[in-house]
Every structure is written in structure tokens, then in C-alpha cells.
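One structure is given here, and the rest of the page talks about it.
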Amino acid sequence: MQPIISVRQLSKSYASGFQALKQINLDIQQGEIFALLGPNGAGKTSLISIICGIVNPSEGSVLADGHDVVRDYRAARAKIGLVPQELTTDAFETVWNTVSFSRGLFGKSPNPAHIQKVLKELSLWNKKDSKILTLSGGMKRRVMIAKALSHEPQILFLDEPTAGVDVELRRDMWTMVRALRATGVTIILTTHYIEEAEEMADRIGVIHKGELILVEDKAELMNKLGRKQLTLLLQTPLAGIPAALSDCPLELSADGKALVYTFDAQGEHTGIDVLLRRLGEAGIDFKDLQTRQSSLEDIFVSLVRDRA
């Protein structure tokens, strides 16, 4: 199946000499939710801006549903909805007119039923006649999403969509995203809320200093790079790890009341049985134990740290 977005050898350099993107290659399939993670300045917004036709690449090419985003800009852009980080819209227009006008910009004929559906799904229907300047920040964010959906795009970019918004909007947005994905819409998400990517995404891409350092199915990524930790709550605090256990991957908590053992949950042998036996031989008793799986945030931090 042809990917709905195909990025080949994409690079972007600015007049200052700063290279924002370096030889990016990426395919995104129709109907998936793809999360793009990276620290500030990593190149996330530059990549999105090029795919959306806002910024021209220095090298390489991008196809959106088969259309070159430079040579066939109008056809490519018509396939894409973008919710940018910035709240930019006409403050003196009503919600209904703003969203309807956005649809017209893409050459779509009027469809009041679709606009009504979008506004209701985003809890904006009772604000349809309100001017944008009267809305709260969260409501303005909803209007930005409604504008992006006004022309029924097949590809939706969400650039830090929940930064600074309320819990209700975040919940509504993810309900909407799941519903869109169910109809075949492709979602590309950038976020600082890594737990959202962990919950929502099918695949994860990590970008760092302009390079795409990893693209992986989320579940496979968690399996490959995730680690588990076994925390042993001790009966008696320790001043330090006994010399007899110095070869074990153990850490002692600051208060000396817990030992933390890190292991590969996918490995053939976890070593837990050996550890427990050696603790007994060393006369160390514990009153409880807990396990914890590495989160996507742990993995992300580890990947970026290794590249620093």
C-alpha cells in the first residue's frame, strides 16, 4: 500500500547556516496515529511546516496522498488539516463564519451540516454565534481544530495541540481523534505530553537535532527498549549495598529503605530468582516488592541522552 505521506532525503537549512533537518526519510500509512517526539528545537515544527507547504525544503521531496507538496501544492494542501501551536484567527468574526470561511479557502462548496457536526463534536455549538475575541483560550483552541477539520482532510496534523488547555478539551480532543482514525483519517501528533503519545499512537518517531533517530511501532519500541524495575522494600534500612551484591544491577534508595533492581523483561532470564537467593544469603530481608515498567518517557529520555 502506498503511504499517505512519503518523505525522502528531506533537509532544511536557513540563511543563518542553521540546519533544522538532515536527510529525513519517513513513510506514514493511511489511518494510523503517528507521534513525533523530540525536545524543543529538534526539528518537529520544521518538518510539519514543510509537509504542510508552509516552508520550502532545501533538499528532498514530500508527497501527500501522492501529490508533491511543492509542485502540486494546492492538491497536496487540500488533503491536509493543520492545528498549529499558535492561536491565530480573526478575533472579530463569529465561530460559525470563521470555520465556514476556512472550508471555502480550500475550494470546498458550503456544507452547513458538516460544519454543524464539527462544532458539536468540539462542544462549540452553543458558541457558534460568538465572536472569537470573547472566547477563552481553551475555546479558541477548539476553533483552531474546527478550522482544520472544516474541509474534511484525510491527513490531520496536531502540533502540540493540548499545550495549556483544560482537561475537558484534552478528553474531547482524543475522543475526536479516535473517531477520525476510525474513518481512515491519518493523524500526526507532536506533543510534550509523552503519556498522550503512549496512550494514543500506533507508531513513534523520535527526532533530535534535525535527525530522525528512530521510527518504531509503539508496542515493539516498548518491548525492545523498555525495562522493568523490581523495588524491594527492606525490613531494615541499609547504609550501602553489601560488597557481596556489588556485581548486581542494584540501586539503594536515598533513605536506604529500598533496593531497586533493573532487568530486561523480554530476556530469557530476569535474574530475579538468583537475586532473591543472594539477598537471603546476605541476610537482607524485605517486607514487600513492587514492579514498574519503563514508560515511553523513560525510553525517550534515554534515546536523547545517548545522542547528546
Helices (runs of 4 or more DSSP H) contained in the range 148-259 and holding at least 1 residues aromatic (Phe, Trp, Tyr): 167-182
Only one of 228, 287, 218 that is in contact (Cβ under 8 Å) with a residue 40 or more places away in the chain, within 27 Å of residue 11 (Cα to Cα) and not aliphatic (A, V, I, L, M): 218
Residue identified as at pLDDT below 90 and in contact with a Pro (Cβ under 8 Å, 6 or more places away or on another chain) among 172, 90, 166, 159: 159
Matching residues in the range 54-66 - criterion: being surrounded by fewer than 19 Cβ atoms within 10 Å (Cβ to Cβ), free of Cβ contacts under 8 Å to residues at least 60 places away in the same chain and farther than 11 Å from residue 157 by Cβ: 55, 56, 58, 59, 60, 61
Members of the range 249-261 that are hydrophobic (A, V, I, L, M, F, W, C) and surrounded by 15 or more Cβ atoms within 10 Å (Cβ to Cβ): 250, 252, 258, 259, 260
Members of the range 62-71 that are under 24 Å from the mean Cα position of the chain (by Cα) and within 19 Å of residue 1 (Cα to Cα): 62, 63, 64, 65
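The values are calculated or read from the model by the stated rules, or taken from the named source; none is laboratory data. Note that the structure is a prediction, hence the values are computed from the model and not measured. Counting neighbours? That spans all protein chains shown, and the Cβs are built from the backbone with ideal geometry, glycine included.
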